[in-house]
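Notes to accompany the following structure.
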Amino acid sequence: MTNAIATSAAVSVDATVRIGKKSYALHDAMSHGAAVYDKLYLLQEQQLDYYRELGTLLIQVRALFKSDKLFGQYLLKSDLGSMSRQDRSDSMFIAANWAKVQKLNANGALESLGVSAIRKRLKAADKPKDAPKSAGNVSKGKSAQAAEPKAEPTVGSSDTKTTAKELAIFVKDMLKKNGITQAEFNKAMKA
């Protein structure tokens, strides 16, 4: 990619910068760069909102299918068929954890991060801050690490699984936000 930039941008002796067919005086080139940087910054600010919007949509649609497999098969045939599983998972994760994301992003600290880094920050924020460093009364010869119980590995990705309670809370919030009564919703679900 750097080769493409190097071949398309050229600086002449008279301090004129050429990018493709456009030419800029040095000062104008810096102004153009500042405008591009501003656009990039605004896009980063909006990225979390886009993930949330997309994730909210996917969570709602997922509720209509009996399994992740059927949901995935449907998506492949839809306009979102080109969306990767990871992007789908990331979007749903951001939407499902939006309150936590907003709390951690109060000062804009998450805006330039990818979803993987946001997941790590949320996980670290969820850990108890006063967790003991040792397992307490440990017999001689055993380390504190050996005394801790081992967690069983889970099969598949559990980040995107939504419990019935979480889904119900989400649906109630969306109904309230959109001014839809429970009766209207139930009627639409039966249709």
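For the stretch 89-107, which positions are of a type outside the set (A, V, I, L, M) and without any contact (Cβ under 8 Å) to a residue 40 or more places away in the chain? Let's see the steps before the verdict.
Within the stretch 89-107, the first condition is being of a type outside the set (A, V, I, L, M), and the residues that meet it are 89-91, 93, 97-98, 100, 102-103, 105, 107.
Hits for the stretch 89-107 are Asp90, Asn97, Lys100, Gln102, Lys103, Asn107.
Residues being of a type in the set (S, T, N, Q), farther than 26 Å from Ala117 by Cα and at pLDDT 90 or above: count how many of those fall in the stretch 29-81.
Narrowing the stretch 29-81 to residues of a type in the set (S, T, N, Q): 31, 44, 46-47, 56, 60, 67, 73, 78.
Still in the list and also farther than 26 Å from Ala117 by Cα: 31, 67, 73, 78.
Among the residues that remain, those that are also at pLDDT 90 or above are: 67, 73, 78.
Number satisfying all stated conditions: 3.
Could you check how many residues of the stretch 161-191 are assigned to a helix (DSSP H, G or I), within 27 Å of the chain's Cα centre (by Cα) and surrounded by 10 or more Cβ atoms within 10 Å (Cβ to Cβ)? Full working, then the answer.
Of the residues in the stretch 161-191, the ones assigned to a helix (DSSP H, G or I) are 164-178, 182-190.
Next cut, within 27 Å of the chain's Cα centre (by Cα) only: 164-178.
Cutting the leftovers down to surrounded by 10 or more Cβ atoms within 10 Å (Cβ to Cβ) gives us 166-176.
Number of matching residues: 11.
Is it the case that the stretch 92-102 has a residue that's assigned to a loop (DSSP other than H, G, I, E, B), modelled with pLDDT of 75 or more and within 30 Å of Asn186 (Cα to Cα)? Step through it out loud before you land on a result.
Of the residues in the stretch 92-102, the ones assigned to a loop (DSSP other than H, G, I, E, B) are 97.
Okay, now just the ones that are also modelled with pLDDT of 75 or more, so 97.
Adding the requirement that they be within 30 Å of Asn186 (Cα to Cα) leaves 97.
Yes.
With the structure loaded, tell me whether Asp49 is among the acidic types (Asp, Glu), without any contact (Cβ under 8 Å) to a residue 24 or more places away in the chain and either loosely packed, with under 12 Cβ neighbours inside 10 Å or under 30 Å from Val171 (Cβ atoms) (or both) or whether it fails that test.
Values: among the acidic types (Asp, Glu): yes; without any contact (Cβ under 8 Å) to a residue 24 or more places away in the chain: yes; either loosely packed, with under 12 Cβ neighbours inside 10 Å or under 30 Å from Val171 (Cβ atoms) (or both): yes.
When the stated conditions are applied, Asp49 passes them.
Restricting the search to the stretch 86-96, which residues are over 9 Å from the mean Cα position of the chain (by Cα) and under 18 Å from Asp126 (Cα atoms)?
Ala96
Filter the stretch 69-78 down to the residues that are assigned to a helix (DSSP H, G or I) and more than 19 Å from the chain's Cα centre (by Cα), then identify the one that is farthest from Phe93 (Cα to Cα). Explain how you work it out, then say what you get.
Step one: filter the stretch 69-78 for residues assigned to a helix (DSSP H, G or I), giving 69-77.
After this cut, where a residue has to be more than 19 Å from the chain's Cα centre (by Cα) as well, the list is 69-71, 73-74, 76-77.
On the way: Lys69: 18, Leu70: 19, Phe71: 16, Gln73: 20, Tyr74: 20, Leu76: 20, Lys77: 22 Å.
My answer is Lys77.
The values are calculated or read from the model by the stated rules, or taken from the named source; none is laboratory data. In this text, all values refer to a predicted model and were calculated from it rather than measured experimentally. Heads up, the Cβs are rebuilt from the backbone with ideal geometry, glycines too, and the neighbour counts pull from every protein chain shown.
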